[in-house]
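Quick notes on the structure that follows.
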Protein chains: 2
Amino acid sequence: MANATNVNDPLLPSTTADYSIVKNALKRRRLRRGSSDPNIRETHLLEQQHTSELLQNAKYTPENKFDLKPVYMFLAAYLGLGAFCFFLVRDQIDGRKKNGMLDAIYFCVVTMTTVGYGDLIPRTKFAKFLACIFVFTGMALVGFVLSNAADYILEKQEILFVKAIIHKKENGDNHDLMKEIEANKIHYKVLTTLGVILFLFLAGIFFLYFFEDLELFDAFYCVCSTVTTLGYGDKSFSTKTGRLFAAVWILISTICWAQFFYYLAQLYTERRQRSLIKWVLTRKLTVSDLDAADLDDDRAVSAAEFVVYKLKELGKISDEDVSLVMDGFRALDVDSSGTLTENDLLISSQ
Amino acid sequence: MANATNVNDPLLPSTTADYSIVKNALKRRRLRRGSSDPNIRETHLLEQQHTSELLQNAKYTPENKFDLKPVYMFLAAYLGLGAFCFFLVRDQIDGRKKNGMLDAIYFCVVTMTTVGYGDLIPRTKFAKFLACIFVFTGMALVGFVLSNAADYILEKQEILFVKAIIHKKENGDNHDLMKEIEANKIHYKVLTTLGVILFLFLAGIFFLYFFEDLELFDAFYCVCSTVTTLGYGDKSFSTKTGRLFAAVWILISTICWAQFFYYLAQLYTERRQRSLIKWVLTRKLTVSDLDAADLDDDRAVSAAEFVVYKLKELGKISDEDVSLVMDGFRALDVDSSGTLTENDLLISSQ
């Protein structure tokens, strides 16, 4: 199933705390360069402060502001409507039937996740048309809504996982650990997802082996065929308990697998981007580069101007983004000095 | 199928040309503010120059440097290996068989795209195991490699589409049009993909109706069931010609649909991001914001510093990105002045 939304884009602004990392790093470097005896104790204090800011941030990340309640309600409404519709046309559906309502829910989940075993098959035009509607809307639902929810839940799992590690290494250097986790966020996401997937995989095999009386290998084969949404249909859930289990298990498993592939792709993109940043930075700077990067025309490229220029070159930010923010800048720069100072704040608050 | 790679991230640096848009806009504003009689003619010339730069850029976009040849070769190798393997175990596959080699290719495509009709089913453990391997590797192949290729091809289609419009409006204002297209790139991608999808959809229905002797409604139902990778398997391709057609058509159609859902999600994310930018810009600036944004500690926030700060707040760029580029900045700032000037270039070239 498509899991396409860029679920990782923070959609609410983060606090300013994590921004201080770069600033502090810059200040520290200047400190080291300026004086022959840098105040190491102060630097250490700054770093400790930074760690607690990072930990605090973990509580206020945009993902945590994500509300799961509407997602569950939306999903329940969708499944309810689907089950109701397929229950109404239950006589127009052929195949291995067990229990009217249960089959309707099971059929709805098998359809919306695009597993499509084919153990239950719509016979009439109307039932076929209903299936078409539910597979398209189901794809969109899984892609947009549920993958966001999955990302949120996996993120929470990841925080627990990280806390467990920190707890273990209580005496170690928390700061370095937190920094490493921040830098390798997606690595940890991949690991967490892998853990959840393994659990679901084993749960599926266990269930099929003990409750559906499949051979161990066939249980493995059926699980593989289901989580990838392949669903040949030669092996599927045929008991009442099985279909109840399947309705929940298929929904969670297919989403988790899609999420896993998505994280893998992100990991790959991130790696490519980092090696690209290094490559762009080794490129020799020319006078025309300086001219292009010099946003305020003072014939000198400041650190921030350099960052904007290079991130633009890397395609990390677009002209659209920059122009929108520049409009905001000009609106705030009430004294038209070309910079924002406390003077601007004073004038605008009057 | 998962179509997860952020295919839109430019992976090679674009030319500096498009950066000039923001710079010119800034200069123009300053011009208008500074003098009572802005040189409108010069502004117009700049804009004309910008249009030609944009058109030139269209030729050198990173996507155009993407090489399709290895993708086709990889795909051919994968399908070749798959067909060979399934041909070897053809006696271990049950179902409606037609022609050894053709069935093997058809089965390989139906498996790797996760359609999984179930009209051909592996019977032995070995054949089942092979199917499991091919569905997982197939998912990865479609997600990572083929979706990138599809994005590239659709981008090319889009350029043709755009050129056709420009040709029609030859006398109109090309500059505004190009700008509009740049700003609504994803809108045009969605439109182009929709066009391709519609063509493939009709081609599928046409084929099933005339060559597979399905009723018109069943043809529609089978197409829906296939492109979504649902694949109940009650209606599928059962003739020799049908399976040959299906092997190509299924591969292209499922990828296009996944791409379509992906673009839709991008469109949604982009819209959310833009409204978020506006929201972040309306937030009142405080003294502590100024302090946090002031990268070079000159007690004034320059335009570029403001842009970096706000884009950071929006989550558009990460600390990782900024620190990597800052390291590059310090390496280039050989005279340690805190800015890059021609002096730095002079010293480093000595």
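Students sometimes get this wrong: rank A:Lys125, B:Lys316, A:Lys69 by accessible area, probe 1.4 Å, all chains present, largest first. Show your work: numbers first, answer last.
On the way: A:Lys125 115, B:Lys316 60, A:Lys69 145 Å².
From most accessible down to least: A:Lys69, A:Lys125, B:Lys316.
The alpha carbon radius of gyration of the stretch B:66-269, expressed as a multiple of 2.2 N^0.38 Å, is 1.16.
Would you mind checking B:Lys278/B:Lys316; A:Lys310/B:Lys316; A:Lys156/A:Lys185; A:Lys97/B:Lys125 for any pair whose Cα atoms are more than 20 angstrom apart? Please list the in-between numbers first.
Details: B:Lys278/B:Lys316 14 Å; A:Lys310/B:Lys316 14 Å; A:Lys156/A:Lys185 12 Å; A:Lys97/B:Lys125 28 Å.
Distance filter (> 20 Å) returns A:Lys97/B:Lys125.
Summed over both chains, the accessible area lost when B and A associate is about 11800 Å², using a 1.4 Å probe. Tell me, what % of the accessible area of the stretch A:67-270 is carbon and sulfur with a 1.4 angstrom probe? About 68 percent, which is the carbon plus sulfur part of the accessible surface. Using a probe of 1.4 angstrom and keeping all protein chains present, the accessible surface of the stretch B:66-269 works out to 43 square angstrom per residue.
Ranking B:Trp257, B:Trp249 by solvent-accessible area of protein heavy atoms (1.4 Å probe, all protein chains present), from largest to smallest, gives B:Trp257, B:Trp249. In the stretch A:67-270, a dipole from Cβ-located charges (positive for Lys and Arg, negative for Asp and Glu) runs towards its positive end, and of A:Met101, A:Gln157, A:Ala76 it is A:Met101 whose Cα lies farthest in that direction.
For A:Arg283, the label point sits 7 Å beyond Cα toward Cβ; its separations from the matching points on the remaining copies run 3.1 nm, from shortest to longest. Of the whole protein surface, A:Glu215 contributes about 100 Å² of accessible area at a 1.4 Å probe radius.
Distances between copies at B:Val334, taken between label points 7 Å from Cα along the C-beta direction, are 4.6 nm in increasing order.
The values are calculated or read from the model by the stated rules, or taken from the named source; none is laboratory data. If you're wondering where the values come from, they're calculated on a predicted model, not measured in any experiment. Cβ: placed from backbone, ideal geometry, glycine included. Neighbour counts: every protein chain shown. The protein model used for the area step is the full one, side chains on, heavy atoms only, and it has no ligands, DNA or RNA in it. Shrake-Rupley method; radii C 1.70, N 1.55, O 1.52, S 1.80 Å.
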